[in-house]
1. So what is the relative contact order of the chain, in percent, for Cα pairs below 8 Å that sit 6 or more residues apart?
2. Using only the alpha carbon atoms of the chain, find the Kirkwood hydrodynamic radius as the inverse mean reciprocal pair distance, in angstroms to one decimal.
3. Given a 1.4 Å probe and every protein chain left where it sits, what share in percent of the accessible area of region 130-170 is carbon and sulfur?
4. Name the lysines eligible as straight-distance cross-link partners of K119: C-alpha to C-alpha under 17 Å, and not fewer than 8 places from it in the same chain.
5. Using only DSSP helix segments of four residues or longer, with each worth -39500 (n - 2.57), what per-residue ellipticity at 222 nm results for the chain after dividing by its residue count and rounding to 500?
Amino acid sequence: MKLEIRSIEAKDNPALKRLVMDTLSEFGCIGPGYASGDPELDFMYEYYQQPDSAFYVVEDVESSEVLGCGGFSRLKGTTPEEAVCEFQKFYFSPKLRGKGMGKKLIAFALAEAKNAGYKEAYLETIPKMTVAIALYEKMGFELLPTHRGATGHHERCPIRMGLKLDAVSTIIPCV
């Protein structure tokens, strides 16, 4: 397996929807209030072409299989001046988990969000995703007492985390 982090392409839309839905199904997170109901799932490439967002895939270049993904955009319900991005749709196939690519993708996306002018990163997740929560904490995210913005996931995703991007000092190159 030869892995590469790259920017999303239009051809990735079906594979990304499948990856997101498979992962959410695995954790019992299908229905309203979860990412499975987000309108952009059918057109992820188009959604992340906004100037204040970016989305990446982890691809096995030998098989062209998309095995992981994640990105950011301005946190809904906040102003550009607040400079808060939401980390969105960080999902990994079981084939990819435990290989260190989650850490690499998060570090890369944090650096890119900082380069895009964001001052803070925010995310929401569920208690069942203990490995992801531990990784976010390892990457510097801290638990927050309340939700921020207007994600539409507040009730279903009670774990809220944030990170000040001035704490992100190294730029991780694409691998």
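1. Answer for the chain is 23 percent.
2. Mean inverse Cα-Cα distance, inverted, gives 16.1 Å.
3. 55
4. Leaving aside lysines fewer than 8 places away in the same chain, those within reach of K119 are K76, K164.
5. -7000 deg cm²/dmol
The values are calculated or read from the model by the stated rules, or taken from the named source; none is laboratory data. This is a predicted model, so every value here is computed, not measured. Heads up: the accessible areas ignore ligands, DNA and RNA and are worked out on the full protein's heavy atoms, side chains in. Shrake-Rupley method; radii C 1.70, N 1.55, O 1.52, S 1.80 Å.
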